[in-house]
Amino acid sequence: MIIDTAYFERCVRTLEKAHSLLINSDPEGIDYEMFRSASIKEFEIILEQGGKLLRKILKPYSHSDKAIDQLYFKDVFRQAVLRSILDSDTCERWLLYRDLRNSTAHDYGVNFAEDTLVLLPQFIIDAYNLAEIIKMNNNAAQE
């Protein structure tokens, strides 16, 4: 099965643009608020989409699709390490991103946003790398 990464990659590009505009904005201005909100929204979308796409890659390694569908988000990334799809350092970063995302259920305030913004440059790199990993798995599946 070929996994389409077009939407995922578009979200990463959107995040990259929003983050770029954010860091060039006046922190006291409305543009900063707008680009910060856009950056956080894209962070959350990419995080969820990344987990969903990784599930699709893992399905051929499992005895059933249902077993993969029942994995918790973090376990999807841990399974990817066990299958040598991701390295452990990358996995740990994605688990950190998830922990940060989970804190949004309790705090959508400025502190959460600023904590997330610090991680965005590495998150963008990791998201682009995940898209490439998915594409490599697509190519391997076609051979």
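The values are calculated or read from the model by the stated rules, or taken from the named source; none is laboratory data. All values reported here derive from a predicted model rather than from experimental measurement. All Cβ positions, even for glycine, are placed from backbone atoms using ideal geometry, and neighbour counts span all protein chains on display.
Look through segment 40-80, keep the residues that are small (G, A, S) and either part of a helix (DSSP H, G or I) or in contact (Cβ under 8 Å) with a residue 60 or more places away in the chain (or both), and return whichever of them is surrounded by the fewest Cβ atoms within 10 Å (Cβ to Cβ). Result: A67.
In the condition set (1) among the hydrophobic types (A, V, I, L, M, F, W, C); (2) part of a loop (DSSP other than H, G, I, E, B); (3) over 20 Å from L86 (Cα atoms), A18 is compliant with all but (2).
Restricting segment 15-33 to residues that are among the hydrophobic types (A, V, I, L, M, F, W, C) and surrounded by 11 or more Cβ atoms within 10 Å (Cβ to Cβ), the residue that is nearest to L120 (Cα to Cα) is L15. Here E9, E16, E92, E44 are screened, and the one residue that is touching a Lys or Arg at 6+ places or on another chain (Cβ under 9 Å), under 21 Å from A131 (Cα atoms) and among the charged types (D, E, K, R) is E44. Do we find a residue being in a loop (DSSP other than H, G, I, E, B) and in contact with a helix residue (DSSP H, G or I) (Cβ under 8 Å, 6 or more places away or on another chain) anywhere in segment 101-110? Taking every residue of segment 101-110 in turn, none turns out to be in a loop (DSSP other than H, G, I, E, B) and in contact with a helix residue (DSSP H, G or I) (Cβ under 8 Å, 6 or more places away or on another chain).
Can you tell me which residue in segment 94-137 is modelled with the highest pLDDT, limited to those that are more than 24 Å from L58 (Cα to Cα) and of a type in the set (S, T, Y)? Here the answer is T116. Residues in segment 81-90 that are more than 13 Å from L58 (Cβ to Cβ) and surrounded by 13 or more Cβ atoms within 10 Å (Cβ to Cβ): 1 in all.
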